[in-house]
Amino acid sequence: MIIPTFMEVLDTTIANVALRYIAGGLSAAVIDAEWVLTSYLAANATILPISGWISARMGRRNYFLLSIAVFTIASGLCGMATSLGQIILFRVIQGLAGGGLQPSSQGVLLDSFPPEKQGAAQTMFGIAALLAPVVGPTLGGYLTVQYNWRWIFYINIPVGALALVVCYFVVADPAYLKKERAELLRRPLNFDYIGLGLLALVMSSWEIMLSKGQEWDWYNDPFWRVQTLVILFVLGLAFLILREMRISNPLVNFRVLGERNLAASCLIIFCAFGVLYGVSTSLPGLLQSLFGYDAYVSGLVQSPAGIFSIMMLLVVGRLIGRGTDVRWLIAPGLVVMAAGCYWMAIMNLYISPWQVVWPRVVTVCGLSMIFAPLNVAAFKYTPRHLRGAAVGLFALLRNEGGSVGTSVAQTIEERREQFHLSRVDDTLTPLNPLVHSFLERGQAFFQQHTGDAARSQQMTVQALDNLRQQQAASLAYFDVFWVCAALGVALVILVPLMKRSVAEKGESVGGE
């Protein structure tokens, strides 16, 4: 069950490192190639909240198998695309199909294992959901550099085919889902077309705003593109919530968020995945732009975190199975995650690769400590007939947290780099004895090698400016890690608001 989830989550990050190669291969601008990411995320976000509705009427097994098949075919079509328009279209199809994979696989795990085994089940799901973003950039960089960017899509074909065959024989709908589907089929189809339109408007506006906001200068956009998207998002979301709360057969069931464990878990997972993706996009940029690593080497530096993540998930799964209240795992996990981010925030440009590896390991281990416990706490008190809607919303917020984290990290980097440049300039004056000493020694060094006094002076000033740019950029990256650390600590206050959540033997999940 975790193979399709791993494949789907992997595709949210694996294409990031290949954008320049995709743009070059399809004769498009790099900025335009970003729609390859945006289109997938927007389509995926649109389908996630309604996956429970589709699954209930179509049958979860049928919907799951159809999603795997369409996702695999669309992946092959993305690899064969000959123009930017084609690959964007196929990525939309891929995103729509991928939206059904995470909720369906998690729903099967929730129904297939007794409460005392939920820790182990959610651990396996966590390995897929957490490991995929970690290894995605590394795998994408390797395939792109060693083979071709098309292989980041072709690799899904054998994996998807294997998952389709195996799941066809092992997955079956439980009795309560069959009964629920039979009852629904006897009723006339009352599809909420207005709700679907509002949902598509909300998620498309949101994803485009996050993807293009910094490029369009956010609220300073002279063409009012960002402002228009914000207005569409706010109004669309307000009307969507009002409509779905008032009708008896909602497409997106927001009522499940009335259960405080689920609401708190959704908020924590949203912010935690924001930290994961914010760090996962900022750290490679730091390593490649300032440390001089290429995409493959920077991926190798980050890859040990994946090994430790699996080990931590297995330990946490064992603790949950022994009846540990998951709140006692979530709170320390958030603190460990914040500690790893703080460790990265106090780095400098003169460290070895291993001094980058360990802070990353600590951060990902903290995330591994909270992932499975959050999945247990979120659905423990959710009734079975609402579980599909709850899983869809939980998966949506998990994915959207990653989108927000990526966008916020990019914005902080660019804005804070400008700030730090201005602060560094305050001290780089001729009256500063350190600047004066640097210019004298630099000019003497370059003149010794070139014999040209005027050129030596220019080279010295250029060297000083390079150091200025490097320090300002590094401080901007470290600011991202500071924000992530502060957010991790702030999330701890939500844990006491949650109800006691223990996977006890003989107690049924969902309060039934």
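Set side by side, the residues Thr406, Thr411, Thr382 differ, and just one is polar (S, T, N, Q), within 30 Å of Leu101 (Cα to Cα) and either at pLDDT 85 or above or not in a loop (DSSP other than H, G, I, E, B) (or both), which is Thr406.
Can you tell me which residue is nearest to Glu413 (Cα to Cα) among those in segment 339-379 that are small (Gly, Ala, Ser) and buried (at least 24 other Cβ atoms within 10 Å of the Cβ)? Within segment 339-379, the match that is nearest to Glu413 (Cα to Cα) is Gly340. Restricting attention to segment 273-298, and to residues there that are among the aromatic types (Phe, Trp, Tyr) and not in a helix (DSSP H, G or I), which single residue is surrounded by the most Cβ atoms within 10 Å (Cβ to Cβ)? Filtering segment 273-298 for residues that are among the aromatic types (Phe, Trp, Tyr) and not in a helix (DSSP H, G or I), the one surrounded by the most Cβ atoms within 10 Å (Cβ to Cβ) comes out as Tyr293.
Counting the residues of segment 193-222 that are of a type outside the set (Phe, Trp, Tyr), under 14 Å from Thr46 (Cα atoms) and surrounded by 15 or more Cβ atoms within 10 Å (Cβ to Cβ) gives 12. Annotation: Leu431 fulfils all but one of (1) out of contact with any helix residue (DSSP H, G or I) (no Cβ under 8 Å at 6 or more places or on another chain); (2) within 30 Å of Ser104 (Cα to Cα); the unmet one is (2).
Cβ separations smaller than 8 Å between residues 6+ apart or across chains give the following pairs from segment 168-186 residues that are within 13 Å of Asn62 (Cα to Cα) and in contact (Cβ under 8 Å) with a residue 40 or more places away in the chain to residues that are among the hydrophobic types (A, V, I, L, M, F, W, C) and not in a helix (DSSP H, G or I): Val171/Met1. When Val461, Val424 are checked against the criterion of being over 21 Å from Gly278 (Cβ atoms), within 43 Å of the chain's Cα centre (by Cα), in contact (Cβ under 8 Å) with a residue 12 or more places away in the chain and surrounded by 15 or more Cβ atoms within 10 Å (Cβ to Cβ), Val424 stands alone in meeting it.
If Val376 satisfies all but one of (1) among the hydrophobic types (A, V, I, L, M, F, W, C); (2) modelled with pLDDT of 85 or more; (3) closer than 19 Å to Leu494 by Cα, what's the number of the condition it fails? Exception for Val376: condition (2).
Yes or no: segment 428-444 includes at least one residue that is of a type in the set (Lys, Arg), surrounded by 15 or more Cβ atoms within 10 Å (Cβ to Cβ) and not assigned by TED's automatic domain parsing to the domain that holds Ser205. Within segment 428-444 (the criterion being of a type in the set (Lys, Arg), surrounded by 15 or more Cβ atoms within 10 Å (Cβ to Cβ) and not assigned by TED's automatic domain parsing to the domain that holds Ser205), the answer is no, since none of the residues qualifies. The listed residues are Ile73, Ile54, Ile93, Ile88, and the only one of them that is more than 19 Å from the chain's Cα centre (by Cα) and within 15 Å of Ala163 (Cβ to Cβ) turns out to be Ile73. Taken together, Ala56, Ala18, Ala45 contain a single residue that is outside any loop (DSSP other than H, G, I, E, B), closer than 24 Å to Gln410 by Cα and touching an Asp or Glu at 6+ places or on another chain (Cβ under 8 Å), which is Ala45.
Specify which of the listed residues (Gln106, Gln94, Gln86) is polar (S, T, N, Q) and more than 28 Å from Leu19 (Cβ to Cβ).
The match here is Gln106.
Counting only residues that are closer than 16 Å to Leu235 by Cα and of a type outside the set (A, V, I, L, M), segment 163-198 holds 2 of them. Summed over segment 446-481, the residues that are of a type in the set (Phe, Trp, Tyr) and farther than 14 Å from Asn348 by Cβ give a count of 1.
Part of a helix (DSSP H, G or I) and closer than 17 Å to Gly236 by Cβ: is that true of Leu201 in this structure? In short, yes. Please tell me if Ser456 is out of contact with any strand residue (DSSP E or B) (no Cβ under 9 Å at 6 or more places or on another chain), under 30 Å from Ser51 (Cβ atoms), surrounded by 16 or more Cβ atoms within 10 Å (Cβ to Cβ) and among the small types (Gly, Ala, Ser). The answer is no for Ser456. Confirm whether Ala338 is at pLDDT 90 or above, touching a Phe, Trp or Tyr at 6+ places or on another chain (Cβ under 8 Å) and more than 13 Å from Gln122 (Cβ to Cβ). Here the answer is no, as Ala338 does not meet what is asked.
None of Val356, Val404 is in contact with a Gly (Cβ under 7 Å, 6 or more places away or on another chain) and under 27 Å from Val301 (Cβ atoms) except Val404. crowded, with 20+ Cβ neighbours inside 10 Å, at pLDDT below 80 and either in a helix (DSSP H, G or I) or among the aromatic types (Phe, Trp, Tyr) (or both): does that describe Leu177? Yes; evaluated as a whole, the condition is true for this residue.
Which one of Val234, Val252, Val230, Val275 is under 23 Å from Thr382 (Cβ atoms) and of a type outside the set (Asp, Glu)? Checking each option against the conditions leaves just Val252. Only one entry of Arg415, Arg398 meets the criterion of being among the basic types (Lys, Arg) and assigned by TED's automatic domain parsing to the domain that holds Arg327, and that entry is Arg398. Among the residues of segment 340-349, are any within 18 Å of Leu475 (Cα to Cα), aromatic (Phe, Trp, Tyr) and touching a helix residue (DSSP H, G or I) at 6+ places or on another chain (Cβ under 6 Å)? Yes - at least one qualifying residue is present in segment 340-349. Look at (1) touching a residue at least 60 places away in the same chain (Cβ under 8 Å); (2) farther than 30 Å from Ala43 by Cα; (3) in contact with a helix residue (DSSP H, G or I) (Cβ under 8 Å, 6 or more places away or on another chain) and you find that Leu439 fails only one, number (1).
Restricting segment 421-452 to residues that are acidic (Asp, Glu) and part of a loop (DSSP other than H, G, I, E, B) leaves a set whose member that is modelled with the highest pLDDT is Asp426. Applying the criterion of at least 1 residues that are over 25 Å from Trp328 (Cβ atoms), touching a Ser or Thr at 6+ places or on another chain (Cβ under 6 Å) and aliphatic (A, V, I, L, M) to the helices (runs of 4 or more DSSP H) found wholly in segment 80-161 leaves 84-98, 101-112.
The values are calculated or read from the model by the stated rules, or taken from the named source; none is laboratory data. Keep in mind the model is a prediction, meaning the values are calculated, not measured. Because the Cβ atoms are built from the backbone with ideal geometry, glycine has one as well, and the counts that use them run over all protein chains shown.
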